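Have a look at the structure below before the remarks.
What follows draws every value from the coordinates through simple rules; no lab data is involved. Keep in mind it's a predicted model, so treat the numbers as computed, not measured.
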Amino acid sequence: MLGALASPLALAASLALQVVDEQGRALEHAAVALRPVGEAPRRTPGTAEIVQQGKRFMPLVTAVPVGTAVSFPNRDTVRHHVYSFSPAKTFELKLYIGTPAAPVVFDKPGVVVMGCNIHDAMVAYVAVFDAPWVGVSDAAGKVRIDALPAGDYQLEYWHPRWAGGAAEPARMPLRLRGDARQTLVIGAQP
Ligand SMILES: [Cu+2]
């Protein structure tokens, strides 16, 4: 029946996550995503940027929906050679300075580990989620996702402390009815 739609405002929800380790310490760099249950995930690919500066990638962890185009500007005066062997995205950007003309499109879900062929200490992670809402925890372990439709979700999450092991995010069900606060404990292994 037409006219029976509820107000979108009444259905809005938000999620405030506090990410901690087993000792309760704030955990930065956790990639999280919310995937609605029971409907095809809406894909809202956008763009993102991972900068190389001071022979480091910044940010260390980036969370993106599938289809996001990521550019890799090099702001150093030395050349970098960005590569990944991860199954979710195998690519390389051969020795360059400045910004490569074509961004890298992350078109499959999974965790992508990137390095530099020249500087072995350089590492960065892109967590690619088949989900429209993503975030990364800040230095206080906090990540907030606003303007969500109320409903049932899978919360997916991943942290670099799993880099030697899990290439896939962990998952837990989450029912959102309004504004929610949740503590997420990320142990040494998923
Ligand atoms: Cu380099």
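Points to keep in mind about this one:
- In order along segment 114-123, phi translates into HN-Hα couplings of 10, x, 10, 5, 8, 10, 5, 6, 6, 8 Hz, rounded to whole numbers, per the Karplus curve 6.51 cos²θ - 1.76 cosθ + 1.60 with θ = phi - 60° and x for Gly and Pro.
- When you restrict to C-alpha pairs under 8 Å that are six or more residues apart and normalise by the size of segment 14-185, the relative contact order lands at 35 percent.
- Remark: segment 139-155, residue by residue, has Karplus-estimated 3J(HN,Hα) of 4, 8, x, 9, 8, 10, 10, 10, 6, 9, x, 4, x, 9, 10, 9, 8 Hz, where x stands for each Gly or Pro and the curve is 6.51 cos²θ - 1.76 cosθ + 1.60 at θ = phi - 60°.
- 3J(HN,Hα) along segment 58-68, derived from phi through the Karplus expression 6.51 cos²θ - 1.76 cosθ + 1.60 where θ = phi - 60°, amounts to 9, x, 5, 10, 10, 10, 9, x, 3, x, 6 Hz, with x in place of Gly and Pro.
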